[in-house]
1. Could you grab me the full set of residues in the range 134-176 that are over 18 Å from the mean Cα position of the chain (by Cα) and at pLDDT 90 or above?
2. In this structure, is residue 80 more than 16 Å from the chain's Cα centre (by Cα) and more than 24 Å from residue 15 (Cα to Cα)?
3. Please work out if residue 118 is under 25 Å from residue 143 (Cα atoms), part of a helix (DSSP H, G or I) and modelled with pLDDT under 80.
4. Among the residues of the range 154-177, write down those that are free of Cβ contacts under 8 Å to residues at least 12 places away in the same chain and either in contact with a strand residue (DSSP E or B) (Cβ under 6 Å, 6 or more places away or on another chain) or more than 20 Å from residue 111 (Cα to Cα) (or both).
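The values are calculated or read from the model by the stated rules, or taken from the named source; none is laboratory data. Nothing here was measured: the structure is a model prediction, and the numbers come from that model. Ideal geometry is used to build each Cβ from the backbone, glycine not excepted, and the neighbour counts take in all protein chains shown.
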């Protein structure tokens, strides 16, 4: 495995980090084995995941971009100083980022995520949450709500002609600080008010 980029993702890169936030390591890699490079193995393109670390094999990464996956997309819009590791190869990929985005699929991906999260956000279902997260429900899943609001806002900004905003607090200070406040003080917010935010 040859890493071509690596960064600390999740809340840290979105500007939404709190003392309880995990350290999420993300990376993109190329295969080093000839059999995988040639496609002779069943899982030559893959995702590697352990705890709070995961990486996308380069072909898997491009396939996610083609589908409108936002975690893959955000990697294209990080600044060089936000990477732990970045090669010239990945910098070259970044220079062609707009050619790698299918805006229609991105729109559907964002809409699909939010619609899929509504029951969890409203507390009607806990979904695949761990016990720790289940204990943190305040009549609604504030973490899922924060992620949904962040993604919706990034979509609004991106489709308004701005570069894809990874750090929501930096790119939209008022809105970013608002959703950070939800994350830090979930009992101060009413789920019905939150779900009605435009």
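1. Step one: list which residues in the range 134-176 are over 18 Å from the mean Cα position of the chain (by Cα), which gives 134-140, 160-161, 173-174.
Within the range 134-176, 160, 161, 173, 174 qualify.
2. Numbers: more than 16 Å from the chain's Cα centre (by Cα): yes; more than 24 Å from residue 15 (Cα to Cα): no.
Spelling it out, it is not the case that residue 80 is more than 16 Å from the chain's Cα centre (by Cα) and more than 24 Å from residue 15 (Cα to Cα).
3. Values: under 25 Å from residue 143 (Cα atoms): yes; part of a helix (DSSP H, G or I): yes; modelled with pLDDT under 80: yes.
Taking the combined requirement at face value, the residue satisfies it.
4. Just the residues of the range 154-177 that are free of Cβ contacts under 8 Å to residues at least 12 places away in the same chain, to begin with: 156, 160-162, 173-174, 177.
Across the range 154-177, the qualifying residues are 173, 174, 177.
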